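Engineer: Take this structure, written in structure tokens, and hold onto it; I'll ask about it next.
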Amino acid sequence: MTKNAIKEKLKNGEPVIGTFVRMSSISMEILGLTGWDFAIIDAEHGVHTMEDISNMIRAAKSVGLSPIVRVPGTNPVNAMRCLDAGAEGVQIPQLTSLDQVEEVAKACRYHPLGNRGMCNYVAATGYSTTPFDEHMKTSNDEVLLVVHVENAWAAENIDKILEIPGIDVVFCGPNDMSESLGVPGQMQHPKVVALLNKVSDACRKKGVATGIFVKTPDLIGHWLEQGFTYLTCSTDVGMYADIAKAKADQMRAEISK
């Protein structure tokens, strides 16, 4: 595996920007060509097949965009398949136990750091053109594991979660967090903000990067001040809808003059 630019920047405390992708390889190409650092293929809420994901990963790499996959659940096989397809990292949602966290962490690293399944004939190894020993070492070093903290249990147990080796980023999901706290959709509610700050403080002490999702870029400032550096905003479909509506409104306005 080649050097993971996103992981390197995060280690140096540099902010990186990304968005979630629900559409296709074309979205990945456009995002890379317009200056985004990474894109998260959303296999949790999206409708992608593994073939779609493979093609999207290839499209991202062709334009210097780091491809991350949010897998559809905590089954470790999902993470392994996406990494084999060449993803530079995976995001694991809906974690509700320490056993789940430990299981997926091990599934993302080869021996001696984990138990990721071994296959030399996958995209991640150049279909066997990279010596497997080299692939194992570089993958263990460069794969980015992002675990979601998006419910009250995970936030309250953040110190125990951070004791599990292999976690590179803790990604806070304020939307799901608000639901778990009984204030669905209120991502700026004091209860939500207080738990997110607790998570950020714990990660800072451990030297683990923290991530966040915001709907609009103007909300980034507060989280930057709190130490969040893995920054995501909107989705490809959300941006498409915003621009499509704005252009349609402009066209109607011109017609009405």
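Engineer: When you check E14 against the structure, is it surrounded by fewer than 16 Cβ atoms within 10 Å (Cβ to Cβ), out of contact with any helix residue (DSSP H, G or I) (no Cβ under 8 Å at 6 or more places or on another chain) and touching a residue at least 40 places away in the same chain (Cβ under 8 Å), yes or no?
Structural biologist: On the way: surrounded by fewer than 16 Cβ atoms within 10 Å (Cβ to Cβ): yes; out of contact with any helix residue (DSSP H, G or I) (no Cβ under 8 Å at 6 or more places or on another chain): yes; touching a residue at least 40 places away in the same chain (Cβ under 8 Å): yes.
Spelling it out, E14 is indeed surrounded by fewer than 16 Cβ atoms within 10 Å (Cβ to Cβ), out of contact with any helix residue (DSSP H, G or I) (no Cβ under 8 Å at 6 or more places or on another chain) and touching a residue at least 40 places away in the same chain (Cβ under 8 Å).
Engineer: I've got another one for you. Would you point out the residue of the range 127-148, among those that are part of a loop (DSSP other than H, G, I, E, B) and without any contact (Cβ under 8 Å) to a residue 40 or more places away in the chain, that is surrounded by the fewest Cβ atoms within 10 Å (Cβ to Cβ)? First the steps, then the outcome.
Structural biologist: Within the range 127-148, the subset part of a loop (DSSP other than H, G, I, E, B) is 127-131, 143.
The next check asks that each one be without any contact (Cβ under 8 Å) to a residue 40 or more places away in the chain; those that pass are 127-131.
Working: Y127: 10, S128: 12, T129: 8, T130: 17, P131: 12.
Of everything passing the filter in the range 127-148, T129 is surrounded by the fewest Cβ atoms within 10 Å (Cβ to Cβ).
Engineer: Just for helices (runs of 4 or more DSSP H) wholly inside the range 188-256: which have at least 2 residues that are more than 21 Å from the chain's Cα centre (by Cα)? Full working, then the answer.
Structural biologist: Details: elements: 190-206, 220-225, 236-256.
Qualifying helices (runs of 4 or more DSSP H): 190-206, 236-256.
Engineer: Could you check the range 59-76 and list, in sequence order, the residues that are over 18 Å from T235 (Cβ atoms) and within 17 Å of the chain's Cα centre (by Cα)?
Structural biologist: Going residue by residue through the range 59-76, those that are over 18 Å from T235 (Cβ atoms) are 61-64, 73-76.
Those that are over 18 Å from T235 (Cβ atoms) and within 17 Å of the chain's Cα centre (by Cα): K61, G64, G73, T74, N75, P76.
Engineer: So, one more: For the range 155-179: of the residues being more than 17 Å from the chain's Cα centre (by Cα) and aliphatic (A, V, I, L, M), which is surrounded by the fewest Cβ atoms within 10 Å (Cβ to Cβ)?
Structural biologist: Initially, the range 155-179 is screened for residues more than 17 Å from the chain's Cα centre (by Cα), giving 155-165, 178-179.
From what is left, the residues that are aliphatic (A, V, I, L, M) are 155, 158, 161-162, 164.
Working: A155: 23, I158: 20, I161: 24, L162: 19, I164: 16.
Only one residue tops the list, namely I164.
Engineer: Hey, can you tell me all the residues within the range 48-58 that are in contact (Cβ under 8 Å) with a residue 12 or more places away in the chain and either within 21 Å of T74 (Cα to Cα) or surrounded by fewer than 21 Cβ atoms within 10 Å (Cβ to Cβ) (or both)?
Structural biologist: Of all residues in the range 48-58, those in contact (Cβ under 8 Å) with a residue 12 or more places away in the chain come to 50, 52-58.
Those that are in contact (Cβ under 8 Å) with a residue 12 or more places away in the chain and either within 21 Å of T74 (Cα to Cα) or surrounded by fewer than 21 Cβ atoms within 10 Å (Cβ to Cβ) (or both): M50, D52, I53, S54, N55, I57, R58.
Engineer: Another question about this same structure. Quick one: A105 ticks every box in (1) assigned to a loop (DSSP other than H, G, I, E, B); (2) among the small types (G, A, S); (3) more than 13 Å from M1 (Cβ to Cβ); (4) in contact (Cβ under 8 Å) with a residue 24 or more places away in the chain bar one, so which box is it?
Structural biologist: Result: A105 fails condition (1) only.
Engineer: Could you check the range 149-163 and list, in sequence order, the residues that are of a type outside the set (D, E) and assigned to a loop (DSSP other than H, G, I, E, B)?
Structural biologist: Kept after step one, since they are of a type outside the set (D, E), are these residues of the range 149-163: 149, 151-155, 157-158, 160-162.
Matches in the range 149-163: N151, N157, L162.
Engineer: Also, quick follow-up: For the condition part of a loop (DSSP other than H, G, I, E, B), at pLDDT below 95, out of contact with any Asp or Glu (no Cβ under 8 Å at 6 or more places or on another chain) and not polar (S, T, N, Q), what is the one hit in G166, G182?
Structural biologist: On the way: G166 fails: at pLDDT below 95.
Criteria check complete, one pass: G182.
Engineer: Test of understanding: among G182, G207, which residue is closer than 21 Å to D159 by Cα, of a type outside the set (S, T, N, Q) and loosely packed, with under 15 Cβ neighbours inside 10 Å? Spell out how you get there, then give the answer.
Structural biologist: On the way: G182 fails: closer than 21 Å to D159 by Cα.
The match here is G207.
Engineer: Is there a residue being of a type in the set (S, T, N, Q) and in contact (Cβ under 8 Å) with a residue 60 or more places away in the chain anywhere in the range 234-247?
Structural biologist: Step one: list which residues in the range 234-247 are of a type in the set (S, T, N, Q), which gives 234-235.
Filter once more, keeping what is in contact (Cβ under 8 Å) with a residue 60 or more places away in the chain: 234-235.
Yes, the conditions are met somewhere in the range 234-247.
Engineer: Listed residues A79, A124, A87; which is closer than 22 Å to M28 by Cβ, assigned to a loop (DSSP other than H, G, I, E, B), in contact with a helix residue (DSSP H, G or I) (Cβ under 6 Å, 6 or more places away or on another chain) and hydrophobic (A, V, I, L, M, F, W, C)?
Structural biologist: One residue alone meets the criteria, A87.
Engineer: Could you tell me whether any residue of the range 35-44 is charged (D, E, K, R) and in contact (Cβ under 8 Å) with a residue 60 or more places away in the chain?
Structural biologist: Step one: list which residues in the range 35-44 are charged (D, E, K, R), which gives 37, 42, 44.
With in contact (Cβ under 8 Å) with a residue 60 or more places away in the chain added as a condition, the list becomes 42.
Yes: the range 35-44 contains one or more residues that are charged (D, E, K, R) and in contact (Cβ under 8 Å) with a residue 60 or more places away in the chain.
Engineer: So which residues in the range 157-173 are in contact (Cβ under 8 Å) with a residue 60 or more places away in the chain and of a type outside the set (A, V, I, L, M)?
Structural biologist: Here is the first cut: in the range 157-173, the residues in contact (Cβ under 8 Å) with a residue 60 or more places away in the chain are 160-161, 164-169, 171, 173.
Scanning the range 157-173 gives K160, P165, G166, D168, F171, G173.
Engineer: Looking for something of a type in the set (K, R) and modelled with pLDDT of 95 or more - is there at least one such residue anywhere in the range 239-246?
Structural biologist: The initial filter retains those residues of the range 239-246 that are of a type in the set (K, R), namely 245.
Checking the rest, the ones that are also modelled with pLDDT of 95 or more come to 245.
Among the residues of the range 239-246, at least one is of a type in the set (K, R) and modelled with pLDDT of 95 or more, which makes the answer yes.
Engineer: OK, next. Evaluate the range 21-32: report whether one residue or more is buried (at least 21 other Cβ atoms within 10 Å of the Cβ), touching a residue at least 40 places away in the same chain (Cβ under 8 Å) and not in a helix (DSSP H, G or I).
Structural biologist: Step one: filter the range 21-32 for residues buried (at least 21 other Cβ atoms within 10 Å of the Cβ), giving 21, 27-28, 31-32.
Next, from what is left, pick out any that are touching a residue at least 40 places away in the same chain (Cβ under 8 Å): 21, 27, 31.
This time we only want the ones that are not in a helix (DSSP H, G or I), so: 21.
Yes.
Engineer: Can T74 be described as over 23 Å from G207 (Cα atoms) and in a loop (DSSP other than H, G, I, E, B)? So that I can check it myself, show each step before the final result.
Structural biologist: Values: over 23 Å from G207 (Cα atoms): yes; in a loop (DSSP other than H, G, I, E, B): yes.
Considered against the rule, which asks whether it is over 23 Å from G207 (Cα atoms) and in a loop (DSSP other than H, G, I, E, B), T74 comes out as yes.
The values are calculated or read from the model by the stated rules, or taken from the named source; none is laboratory data. Quantities reported herein were computed from a predicted structural model and do not represent experimental measurements. Here the Cβ is made from the backbone with ideal geometry for all residues, glycine too, and neighbour counts use every protein chain on show.
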